[in-house]
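**Q** Following this message is one structure expressed as structure tokens.
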């Protein structure tokens, strides 16, 4: 074992850690912003609203993230219209493609999570809101969504961890995230075991922090579900 | 589109077959490890508890691809140094298929452990006590009483695990297993029609996941026979 390889290359790993954190958090925030309107559309009784969203989540949840990223990064360049359009300087870059793919992927999963918790809203709450004279928008803003977010919390915590795990795909398309950094260290020194183990430890640390954060969040927002302790 | 994909269809279908084979064999490994893990978690032995806890925590903290790379390359080195230490003069080579199956099985074994543990706990204790009272041995209890009843509780989570596992097999293409994504990628590269081929991959995955969900729904129905629903 040559652990010095890991310590000698710590700036590379640190840079990878930073890159992973940036990609994962950016796509999670953007994905959540997309998922909120999409989940409301998805749980609508109007077919023209719910069906396109169903198709979107069906596609992104039914295919591997790796293939989605390949489709965007290697695939879009096939079309001349894309290559000549103004978006090409953006879509040519691995980083923007990864961000786009991650965002759409997590948006699809979060949409379905939120749909489940929107539909689990006790009907009495909606009726009470209507009885109070709230408009539909007000009902969503004040009653349905706050409750839905609460109920979605545990599933969303899992999704955050899955997104982190999925983000290694960025390393496959040449981005220097944690996995990419480990790959690079290996390429420089031929120490697969040590470099990958270092990457594994970094990922585990992030997962540990995420689970702690969500445990705290559940303590705060699920306080009403805990048994009373005197 | 057909004239581009047509000549590569045998290659794509061969890849699809490999993907299905990798998935099913890994699933078998995962189920075996999952049952073993669940047994270890529920056993009274402190050592078994600790080992199983370490297994599930470690595996679920590290991304699939990182763990796969460690097992693929590390396992190769590990086995050969073990063989060398035993004084034998042979070189064992693990092919990519085996490494992929072992690592995916190992990873999803951890998820299956939690699935089976929960399902076993959900079977009423009286059932087991009655079986013991009838004088059944432990394997017989599992085969006749515990197994069939835990299926109903295990199936929803088992189904989720299977769908995630199926999509994870795309990652073994990075290790060089010539499955669906790998073959489609090389076809796309040589024809410079990557989008087309990745879209074909997506359609095949969607077909596989749709068949799976249909079969799972049937199985859930089948194993819920005799359960009254409100």
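Read-outs throughout are calculated quantities, based only on the coordinates presented, and are distinct from any laboratory measurement. As the structure is a computational prediction, the values presented were derived from the model and not from experiment. Counting neighbours? That spans all protein chains shown, and the Cβs are built from the backbone with ideal geometry, glycine included.
**Q** Stick to Cα atoms and the Kirkwood definition of Rh, then tell me Rg/Rh for the protein assembly as shown.
**A** Ratio of gyration radius to Kirkwood radius: 0.98.
**Q** Using the 2.2 N^0.38 Å rule of thumb for compact globular proteins, work out how region B:20-177 stacks up: its C-alpha Rg over that value, please.
**A** 1.19
**Q** Also: What residue among A:54, A:88, A:96 shows peak mean-square fluctuation when chain A is described by a Gaussian network model with Cα springs under 10 Å?
**A** Top of the fluctuation ranking is A:88.
**Q** Pulled fully out, how much extra length does the chain show between residue B:17 and residue B:43, if you take 0.36 nm times their separation in residues and subtract their Cα-Cα distance?
**A** So the chain would gain 5.5 nm between residue B:17 and residue B:43.
**Q** While we're here: Work out the FRET efficiency for residue A:3 and residue B:134 from their Cβ-Cβ distance, taking R0 = 51 Å, and round it to the nearest 0.05.
**A** Here the calculated transfer efficiency is 0.35.
**Q** So what is the calculated 222 nm ellipticity per residue for chain A, using -39500 (n - 2.57) for each DSSP H run with n of 4 or more, over all residues, to the nearest 500 deg cm²/dmol?
**A** -24500 deg cm²/dmol
**Q** On to the next question. Rounded to two decimals, what is the ratio between the C-alpha radius of gyration of region B:1-94 and 2.2 N^0.38 Å?
**A** 1.58
**Q** Taking a ≥ b ≥ c as the square roots of the Cα gyration tensor eigenvalues, with a/c under 1.5 meaning rounded and otherwise prolate when a/b beats b/c, else oblate, which class fits region B:44-114?
**A** Taking the square roots of the gyration eigenvalues as a ≥ b ≥ c, region B:44-114 is oblate.
**Q** Viscosity 0.890 mPa s, temperature 25 °C: give me the Stokes-Einstein translational D for region A:4-223 in µm²/s, with Rh taken as the Kirkwood radius over C-alpha pairs.
**A** Diffusion coefficient, whole number: 127 µm²/s.
**Q** With 10 Å bins from zero, work out the P(r) of region A:99-230 over every alpha carbon pair and list the percent per bin.
**A** 11, 27, 27, 18, 11, 5, 1
**Q** Apply 1/(1 + (r/R0)^6) to the Cβ-Cβ distance of residue A:155 and residue B:89, taking R0 = 45 Å, and write down the FRET efficiency to the nearest 0.05.
**A** My answer for the efficiency is 0.25.
**Q** Once you sort the root eigenvalues of the Cα gyration tensor of region A:12-118 as a ≥ b ≥ c, which label holds: rounded (a/c under 1.5), prolate (a/b larger than b/c) or oblate (the other case)?
**A** Cα axes put region A:12-118 in the oblate bin.
**Q** Choose one answer from B:87, B:147, B:188: the residue with the largest mean-square fluctuation in a GNM of chain B with alpha-carbon springs under 10 Å.
**A** B:87
**Q** Taking only C-alpha pairs under 8 Å that are 6+ residues apart, what is the relative contact order of chain B in percent?
**A** 29 percent
**Q** Considering only A:192, A:203, A:70, give the residue with the highest GNM mean-square fluctuation for chain A, with springs between Cα atoms whenever their separation is below 10 Å.
**A** A:192
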